[in-house]
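First comes the structure, then the notes that go with it.
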Amino acid sequence: MGRIFAIKKYAIHDGPNIRTTVFFKGCPLRCAWCHNPEGISLFIDRIWIKNKCIACGQCLDECISGALFLKNGEIIRDGERCVACGHCVDICPALAHESTGREADVNVIMEEIKKDIVFYDQSGGGVTFSGGEPLYQPHLLLELLTVCKKSGIHRAVDTCVHAKAELVKDVAALTDLFLVDIKHMDSDVHEKFTGVSNGLILENIRLLARMDKEIRFRIPLIEGVNSDPENIEKTGRFIAGVAPESRVDLLVYHEMASSKYDKLGMPLSPFTFRKPKGKDIKRCVEQLERLGLRVFKGG
Amino acid sequence: MNTRIEYLREQSFNATPFISIERALLETRFYRENAGKYSLPVLRARFFKKLCEEKTLYIGDKELIVGERGPGPKAVPTFPELTCHSTADLETLRQRPMTRYRVNPADIKTYGESVIPYWKGRSIRDRIFNNVPQDWKNAYKAGLFTEFMEQRAPGHTALDGRIYGLGMADFKAKIQEQINVLDYINDPKAPDRFETLHAMEIACDAVIMFARRHADLAKKMANKASDTMRKQELLEIARVCKRVPEHAPQTFHEAIQMYWFVHLGTITELNGWDAMSPGHLDQHLAPFYEKELADGSIDRERAKELLACLWIKINNHTAPPKVGVTARESGTYNDFTQINLGGLKPDGTDGSSEVSFIALEVADELSLLQPQPSVHISVKTPDRLLDAATRVIRKGYGYPSVFNTDTVIMEQVGMGKTIEDAREGGTSGCIETGAFGKEAYILTGYLNVPKILEITLNNGVDPLTGKMVGIDTGDPGTFKSYDELYGAFQHQLAHIVDLKIAVNNYIERMYARYCPAPLLSVLIEGCIEKGRDYYDGGPKYNTNYIQCCGIGTVTDSLSAIKTHVFDHGSVTMDALLKALLNNFKGAEALRLKLWNRTPFFGNDDNRADTIMQQVYHSLLKTIDGRPNTKGTCYRLNMLSTTCHVYFGKMLGATPNGRKAHTPQSDGTSPSHGADRNGPTAVINSLAKMDQVRSGGTLLNQRFLPSVLSTDKDLKKMAGLIRTYFGLGGHHIQFNVMDTKTLRSAQQTPDAYRNLLVRVAGYSDYFVDLDKDHQEEIISRTAQAL
């Protein structure tokens, strides 16, 4: 058993060709620009979405613990009383109550993954485990990787590799491709924006490179954080040093996630982030290409 | 695009469709003088010849391929022998807000005085409506089905390669051979055969005459031309028109002109559905192209220019105006000429060639309403053709549509055609499978399958009018199980299909007797050999189709009843029926529960997909193999064209949470917004339909442009298509358009006159669609990231 928050079919930007991406709950990092905030917490919360609610009152009538009540046209959940049974989510006709994730066992997840095998086979795609952070639920990840390997399904893991080296080794033994973010080369800046230093991450990248694993590096390009010439130079040199054959994807920051924060009732980051200008993006590409790297915009 | 093509394209694009009454006047005069003097086939042929001798000719400036059905581009004749428009109809045509036709008021007066008095009560349409039984009329009025043959001639067809090897003189020789061996002593049908064959001979002479008149005109124009280049061109046109269609073409130019004269002839002779199509045009033209390229008499640019001229000619030919229910369900200028590219040759080898790529470039650069190019992908088809097609698809015109050659072949072999004929076949109209040049595959009308469920839920009564339109199958409130409900649905279905087939058969014989098509009969293999007309079982193969609509809506509705009424018991049948009658007024929570909490078709969810299979098998059981009037049978195909909007209007609220009068699901696509798991799930659901047992299915997918931004994305789309085809899918087509663009087009239509979108098995200008169809396209699930 484990916790996931989505399974996305025809995921065409999470690794090569046509894939299914499984999004795990929970992450050790707190990246201030996180685009999947529902994946940060390991806990499954119930949320209420105002603009979907038709005020039919069914959830109020049927809540077994009396945790829901109506105040000024809003449904309020008493966290003390709520027993997280999910009944409100199950019965709401308007889908105004949502869970931020679900418990799922390997068989259930595999059933979904296997439905698209014919597309993976035709296109050379496969499955991608993402999140959140898939290494945050090691048992679920290792089990899924094992079953997928047995079934001959190509496996990619989209990870920040902020994890124990032993675990990274175990995962690597079952994985065909790693999609690894490098957010910043300066440990202090990294900690400022993600909550952790980059030491373990860079060490694990070296480990994967030593194991000769295929890595696709992904740089979330954010103005005011990491798009400056100095950091890009350092990032490029690091990659060229450990895995010069690797492909590098530049994921240009976009603001689409703010509605997700609203929906989840999560505060937005105190920092304001901007999409880098076209000429800066071009400069980043050129910098990295000068180091002999294969650079792509987008995933 | 060179300046010639640019000029011709602009002229075609900007011309307003207008009604020409020349054909109607000539025909009325001819019938007044000659009706009763000849057998009907000969009468029709003589009238056709008269038209070819007397109609106004048109050779436009800069044209290389010549010939128009009316006196100029976008002139549309009427066909009063089929449907005689009233003066009120003609007024409506010139005044209605959408798909308007220019009509000269003086012509309306003339029409009222000279044409209408003769044809009133004599037109096929009048005779049908004067003869059909009342229970058919009730069901027709309730929108349970449409009737294709009530105002246009039964579906025309696509051609094989014969006309590139045989001229009309050769066909005449073949006809003469058949006449010579008629056995008047032992064959009781010999006199009928003679009349039919003689009519075909006259039709051959008519098109030869038509071409010669063009040759004479071109020569005259050449004499007057001051520009030496144009003079040369006109002399070449004159030479070509003297050679074809009398003799088989010898050059690329002659081959295109050959097809064009034959196309024009068939759409002038009668107003058949889906106009006429060249079939595998790239395969037909490739030998000419390759030969001339080798001897240096043509280059790629010249071939492209000539092909573009044909494209523009087809675009000049707007669909003749429809009336009544047909105008409501098919309001478009498009007349559905489809050009098949790629596919397989009759010997089973890859059919794609350089001409296929040239044709795709022409379609892309011209971006016109007509014709509709389709690419045909077999396992043998090289990826480069599919790649070239996806690059055009990304532009958002809605074409080319993509077909699975291997399934299209298997569908036909399953019906008993030879493998060679099946390979030479393909698709025409929207998605309809046929053996090109050898088959009359007649579409008879759409079947409103969700409406049949609606009357089942009301014990045979149409809840919108309170009229009994079906049969008594029991009060649904007393049904104890889903199976009991489904049994009642099957009984209603059988009754409605019986009603439809009985009248279809009656109408079919009317065409066979009163409206033969001599020229078309020359072109379709079997008619000369049997001495029988195209409409009378002459072709080598004869198939009738009923087009079943709304599989998504009916599946989802049955799934909703099964889930909530019978499996969970959380909604009573009475409460559901009451909510449906009230269009969910005051029952929004119930509507959302049905809409959000029911397993729906299109999500790779077996709970819904098995119901789709159940309905599909019932449709097959009820339709497939039923005898028609030609000793062959009915089949089904799964296509709605634009009829799902009309059928939706005639349908109350449905148990899947769909509100009354809104569109149903289109083709074999899931209900709009019901597919919530992306395109692979849609494809997996569709693949559970045993599509080879149909004569075609139609899957619409709408993609946001962001999903196709890079060439890698196109490869993934190609992977999606190849996978669907590996799973047996018949057809898929894409709209690549974001909602914002479509909304802006609604606000400022003039700025978007060029915006083509995929409507059904064809593309149309978005701004020419009525509001309902525009909204329907916007509401299609957009596959995003």
*What shape does region A:150-299 take by its C-alpha gyration tensor, where a ≥ b ≥ c are the square roots of the eigenvalues and a/c under 1.5 counts as rounded, a/b above b/c as prolate, and the rest as oblate?*
oblate
*Please order B:K578, B:K37 by the number of other Cβ within 10 Å, starting at the fewest.*
B:K37, B:K578
*When the Cα centres of region A:243-299 and region A:1-18 are compared, how far apart do they sit, in Å?*
20 Å
*Taking chain B as the reference, fit the longest principal axis to its C-alpha atoms, fit the long axis of helix B:281-295 to the helix C-alpha atoms, and give the angle between the two in degrees, 0 to 90, nearest 10.*
40 degrees
*Given the pairs B:K322/B:K630; B:K322/B:K467; B:K37/B:K224; A:K279/B:K716, which are separated by over 32 angstrom at their Cα positions?*
B:K37/B:K224
*Grab the eigenvalues of the alpha-carbon gyration tensor for region B:468-534, scale each by 5, take roots, and send me the semi-axes largest first in whole angstrom.*
44, 13, 6
*B:A75 long-range amide H proximity, modeled H, under 5 Å*: B:F18, B:G70
*Karplus-derived HN-Hα couplings along region B:558-563 (A = 6.51, B = -1.76, C = 1.60, θ = phi - 60°), whole Hz, x at Gly and Pro*: 5, 4, 5, 5, 4, 5
_Let's see if you can work this out: charge +1 on each Lys and Arg Cβ, -1 on each Asp and Glu Cβ, no other charges. What is the dipole magnitude of chain B about its Cα centre, in debye to the nearest 20?_
1320 debye
*So how strong a dipole does region B:126-194 carry about its Cα centre when Lys and Arg Cβ are +1 and Asp and Glu Cβ are -1, to the nearest 20 debye?*
180 debye
*List, in order, the whole-Hz ³J(HN,Hα) value for each residue of region B:621-631 obtained from phi through the Karplus relation with A = 6.51, B = -1.76, C = 1.60 and θ = phi - 60°; use x for Gly and Pro.*
4, 7, 10, 4, x, 5, x, 9, 8, 10, x
*asked:* Based only on Cα atoms, what mean projected area does the convex hull of the protein assembly as shown have, in nm²?
replied: 47.2 nm²
*Taking a cut-off of 19 Å between Cα atoms, list the lysines near B:K621, but don't count ones fewer than 8 places away on the same chain.*
B:K451, B:K500, B:K688
*asked:* I want the local charge near A:V196. Using Cβ-Cβ distances under 12 Å, sum +1 for each Lys or Arg and -1 for each Asp or Glu among the other residues.
replied: 0
*Rounded, prolate or oblate: which fits region B:88-203, taking a ≥ b ≥ c as square roots of the Cα gyration tensor eigenvalues, rounded meaning a/c under 1.5, else prolate when a/b beats b/c?*
prolate
*Just for the protein assembly as shown, what percent of DSSP beta bridges are antiparallel, to the closest 5?*
30 percent
*asked:* I'd like the antiparallel share, as a percent to the nearest 5, of DSSP beta bridges with both residues in chain B.
replied: 25 percent
*In whole angstrom, note down how far apart the Cα centers of region B:111-173 and region B:379-409 are.*
33 Å
*Counting only residues 5 or more places away or on other chains, whose amide H sits under 5 Å from the amide H of B:M638 once H atoms are built in the peptide plane?*
B:C548, B:G695, B:G696, B:T697
*For region A:193-202, Karplus couplings with θ = phi - 60° (6.51, -1.76, 1.60), whole Hz, Gly/Pro x*: 9, 10, x, 9, 7, 9, x, 4, 4, 5
*What is the mean number of Cβ atoms from other protein chains located within 10 Å of the Cβ atom of each residue in peptide A:120-129, rounded to a whole number?*
3
*Roughly how big is chain A's charge dipole about its Cα centre, with Cβ charges of +1 (Lys, Arg) and -1 (Asp, Glu), in debye to the nearest 20?*
620 debye
*Counting other Cβ atoms within 10 Å of each Cβ, which chymotrypsin sites (Phe, Trp or Tyr not before Pro) in region B:460-526 have at most 15 and sit in a DSSP loop?*
none
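How much of the DSSP bridge set in region B:441-698 is antiparallel, in percent, rounded to the nearest 5?
20 percent
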*asked:* Counting other C-beta atoms within 10 Å, and keeping those with at most 15, which DSSP coil chymotrypsin sites (Phe, Trp or Tyr not before Pro) do you find in region A:2-108?
replied: A:F43
*Exposed trypsin sites (Lys or Arg not before Pro) absent - longest run of chain A, DSSP non-H/G/I/E/B, at most 15 other C-beta within 10 Å*: A:165-276
*Local charge sum around B:Q691 (other residues, Cβ-Cβ under 15 Å, Lys/Arg +1, Asp/Glu -1)?*
-3
*Identify the trypsin sites (Lys or Arg not before Pro) of region B:719-785 meeting these criteria: DSSP loop state and at most 14 other C-beta atoms within 10 Å of the C-beta.*
B:R753
*Find, to one decimal place in angstroms, the Kirkwood hydrodynamic radius of region B:441-698, where the mean of 1/r is taken over every pair of different Cα atoms and then inverted.*
19.2 Å
*If you find the alpha carbon centre of region B:215-264 and of region B:289-360, how far apart are they in angstrom?*
19 Å
*Have a look at B:G695, B:F479, B:H617 and report the one farthest towards the positive end of the charge dipole of region B:441-698, computed about the Cα centre with Cβ charges (Lys/Arg +1, Asp/Glu -1).*
B:G695
_Surface/4 of the Cα convex hull for region B:472-588, nm²_ = 10.8 nm²
*Convex hull over the Cα atoms of region A:47-99, averaged projected area in nm²?*
3.2 nm²
_Could you compute the net charge surrounding A:D45? Neighbours are other residues with a C-beta less than 10 Å from the C-beta of A:D45; K and R count +1, D and E count -1._
0
_As I understand it, the dipole of the protein assembly as shown uses +1 on the Cβ of Lys and Arg and -1 on the Cβ of Asp and Glu, about the Cα centre. Which of B:S356, B:T99, B:S763 lies farthest toward its positive end?_
B:T99
_Report the per residue volume, in Å³, of the convex hull enclosing the C-alpha atoms of chain B._
155 Å³
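Values in this text are rule-based calculations from the coordinates and carry no lab data. Since this is a predicted model, take the numbers as computed values, not measurements. Positions of Cβ are backbone-derived with ideal geometry, glycine not excepted, and every protein chain shown enters the neighbour counts.
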